[in-house]
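These notes concern the structure reproduced below.
The values are calculated or read from the model by the stated rules, or taken from the named source; none is laboratory data. Here the structure is a predicted model, which is why all the values come from computation and not from measurement. Cβ coordinates were reconstructed from backbone atoms using ideal geometry, including for glycine residues, and neighbour counts include every protein chain displayed. With ligands, DNA and RNA removed, areas are computed over all heavy atoms of the protein, side chains included. Shrake-Rupley method; radii C 1.70, N 1.55, O 1.52, S 1.80 Å.
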Amino acid sequence: MGYIDNIISIIEKKDAGQVEFLQAAKEVLDSLRIIVDQDSTYEKAGLLERLIEPERAVVFRVPWVDDSGKTQVNRGFRVQFNSAIGPYKGGLRFHPSVNLSIIKFLGFEQIFKNSLTGMPIGGGKGGSDFDPKGKSDNEVMHFCQSFITELYRHIGPDTDVPAGDIGVGGREIGFMYGQYKRLVNKFEGVLTGKGIGWGGSLARTEATGYGLVYIIDEYLKSKKDGFKGKKVAISGSGNVAIFAAEKASSLGAVIISMTDSNGFIYDKDGINLDTIKEIKLIKRERLSKYAEVHKSSVYTDAEKGRVWDIPCDIALPCATQNELLLDDAKKLAANGCRVVGEGANMPTSLDATEYLIGNSVAFFPGKAANAGGVATSALEMCQNSARLSWSFEEVDQKLKNIMTGIFNNIDNAAKEYGKPGNFVLGANIAGFKKVAKAMLDQGVI
Ligand code: NDP
């Protein structure tokens, strides 16, 4: 049995049942055969055995009192996966589906994503099975305060700097930062995604969605093409989806669909983003409301149809993991879709990814395509350390440069290893090489 197969069998045994983690780890490991098989240094140093094991994983109780006076208990997680190239960095997810497997898959992906940004940040991820949906601001605050009352001892500006993710936006970061500050009595850059005016960076909110569009634009430019006139189908209607839609439409694309967990809207003339922002970011309502306001659009319940059945030129899955499956990939390719860019983390199943790549659809994996968010979080850390605030344009320009750099990096790696246009392979190899070198340089740790 070769080195990679041996590692896969180790995780299948040790982490049996951690479906999402196994999926993410196998995808990366499979891409690395080409590099690890040529060089026995990795095996001798037990590098992959170390890479697949988090440096630390903390699981904790989060008790809080709801508005009716009843005590509730949730489970909190922080997986500090790899600090070879910098302090752990990665978001916190609050969603009822959160478990150790999901946090480990996200933390593992984060190692390579953070490496690709070119910034000195390691990989980590955390969260809770708490569901902010339907909770009052007061309940969300009590939960966040309790969550950080345990987590604060494990994080710090030079140790681990969490950010937002699904269910964690500006409101939640604010409540957690306030409590952290009380506990340590220091105003320091321990969380990113903070409010403008108390340490946050301009353009952080927009960064993941904008970055996704920048990397695809760079690819399109390399084909002498652009977003102008392209029909773009997007899933999700949260942070990533909204700002990907905003940037793509500013470049001339027509956004024809968006989703939430209940269903999707289709508007052939282009979705009105002001209405979406009002419904999802301000009123925190369901997407079905959109069709009540815009009669030209059609709302379809999630159980009655798939957003990926709508013909489009570019598809941007920006909601959650495993939301674009093999049948969806077949439908997209058959309908003429030429580019799929993952705004979410692992939204495409392994077989769907292989199908898209095998059928000449340019496929941009999340670890490259959505890296703009964490890259801008790292820019927020720089501003906090220097006690400076950069302008929106300055941060946006740096983000654009970073996304261009990532495109060139993964494009070149794919070419160097004999698979031009395979950006999954390119991203995994380019991300891995930097982390592996740092781990080898630092000895057996
Ligand atoms: P938000 O919470 O802002 O939005 C999530 C969106 O996805 C909502 O529209 C939500 O619908 C939908 N959604 C969530 N879970 C499901 C589900 N199980 N099935 C169907 N739809 C679902 O999150 P973000 O936009 O921040 O994150 C979206 C994705 O992007 C995640 O995979 C995240 O890890 C990834 N990402 C985010 C970054 C960031 O900077 N925010 C950075 C890099 C990656 P509803 O409104 O019904 O809940």
With residue 4 itself left out, Lys, Arg at +1 and Asp, Glu at -1 over residues whose Cβ is under 10 Å from its Cβ give -2
The alpha-carbon center of region 27-80 and that of region 401-436 are separated, in whole Å, by 23
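Any chance you could run the full-extension gain for residue 72 through residue 138? It's 0.36 nm times the residue separation minus the Cα-Cα distance, nm to one decimal.
So the chain would gain 22.4 nm between residue 72 and residue 138.
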The ³J(HN,Hα) series, computed from each phi in region 253-262 with the Karplus coefficients 6.51, -1.76 and 1.60 at θ = phi - 60°, rounded to the nearest Hz and given as x for glycine or proline, is 7, 10, 8, 9, 8, 8, 9, 9, 6, 9
Filtered pair list for region 293-381 (Lys only, Cα < 25 Å, 8 or more apart or interchain) has a length of 5
Sorted largest first, the Cα spans of region 1-152 on the principal axes come out in Å as 62, 33, 21
Summing -39500 (n - 2.57) over every DSSP H run of at least 4 residues in the chain and dividing by its residue count gives a helix-only mean residue ellipticity at 222 nm, to the nearest 500 deg cm²/dmol, of -14500 deg cm²/dmol
Expressed in angstrom and ordered largest first, the alpha-carbon extents of region 381-444 along the principal axes are 43, 35, 13
Other residues with Cβ under 10 Å from the Cβ of residue 206 give, with Lys and Arg +1 and Asp and Glu -1, a net charge of 0
The summed charge of the residue 63 Cβ neighbourhood (under 14 Å; Lys/Arg +1, Asp/Glu -1) stands at -1
For the pair residue 181 and residue 382, the simple spin-label estimate (label points 7 Å beyond Cα toward Cβ) gives in nm 2.5
Checking rank on 228-240, 396-408, with mean other Cβ inside 10 Å and highest first, the result is 228-240, 396-408
So residue 404 and residue 437, fully extended at 0.36 nm per residue minus their Cα-Cα distance, gain in nm 9.6 nm
Mean projected area (nm²) from the convex hull of Cα positions in region 89-138 is 4.1
Sorted by chain and then number, the residues having a modelled amide H within less than 5 Å of the amide H of residue 65, at least 5 places away or on another chain, are 72
For region 64-217, percent of DSSP beta bridges that are antiparallel (nearest 5) comes out at 55
SASA check, residue 312, accessible area w/ 1.4 Å probe, all protein chains in place, rounded to nearest 10 Å², comes out at 10
Projected area averaged over all directions for the convex hull of the alpha carbon atoms of region 223-374, nm², comes out at 8.5
The answer for the per residue Cα convex hull volume of region 63-195, in Å³, is 96
Spelling it out for residue 364: with amide H atoms placed in the peptide plane at 1.01 Å from N, the residues 5 or more places away or on another chain with amide H under 5 Å from its amide H are 340, 341, 342
For region 88-227, the count of lysine pairs 8 or more apart or interchain whose alpha-carbon atoms are under 13 Å apart comes to 5
In whole µm²/s, the translational diffusion coefficient that Stokes-Einstein assigns to region 334-412, given a Kirkwood hydrodynamic radius over C-alpha pairs, 10 °C and 1.306 mPa s, equals 111
Share of accessible surface on carbon and sulfur in region 66-207, whole %, 1.4 Å probe and ligands ignored, is 48
Along region 222-227, Karplus-curve 3J(HN,Hα) (6.51, -1.76, 1.60; θ = phi - 60°) to the nearest Hz, with x for Gly and Pro, reads 5, 9, 6, 9, x, 6
Sorted by chain and then number, the residues having a modelled amide H within less than 5 Å of the amide H of residue 163, at least 5 places away or on another chain, are 90, 91, 92, 192
The convex hull of the Cα atoms of the chain, divided by residue count, gives a volume in Å³ per residue of 141
Taking the dipole of the chain about the Cα centre (Lys, Arg +1; Asp, Glu -1; charges at Cβ), the one of 145, 417, 258 that reaches farthest to the positive side is 145
extent check for region 1-45: Cα max minus min per principal axis, descending, whole Å, gives 31, 17, 17
Scalar couplings 3J(HN,Hα) for region 9-22 by Karplus 6.51 cos²θ - 1.76 cosθ + 1.60 (θ = phi - 60°), nearest whole Hz, x for Gly and Pro, are 5, 5, 5, 4, 7, 6, 10, 3, x, 8, 4, 5, 5, 4
Heads up, region 198-288 by the C-alpha gyration tensor (a ≥ b ≥ c square roots of eigenvalues; a/c under 1.5 rounded, else a/b over b/c prolate, else oblate) looks oblate
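Once R0 is set to 35 Å, what does the formula 1/(1 + (r/R0)^6) return for the Cβ-Cβ distance between residue 49 and residue 272, expressed as a FRET efficiency to the nearest 0.05?
It comes out at approximately 0.10.
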Per residue, accessible area of the chain with a 1.4 Å probe, heavy atoms of protein chains only, in Å², comes to 40
The correct ranking of 181, 268 by accessible area at 1.4 Å, largest first, is 268, 181
Full extension between residue 65 and residue 301 adds, at 0.36 nm per residue less the Cα distance, a length in nm of 81.5 nm
quick note, the chain, DSSP beta bridge pairs, % antiparallel (nearest 5) is 55
per DSSP, antiparallel bridges as share of beta bridges in region 206-324, % nearest 5, sits at 55
Using the Kirkwood radius over Cα pairs of region 149-190, the Stokes-Einstein translational diffusion coefficient at 37 °C and 0.692 mPa s, in µm²/s and rounded to a whole number, is 308
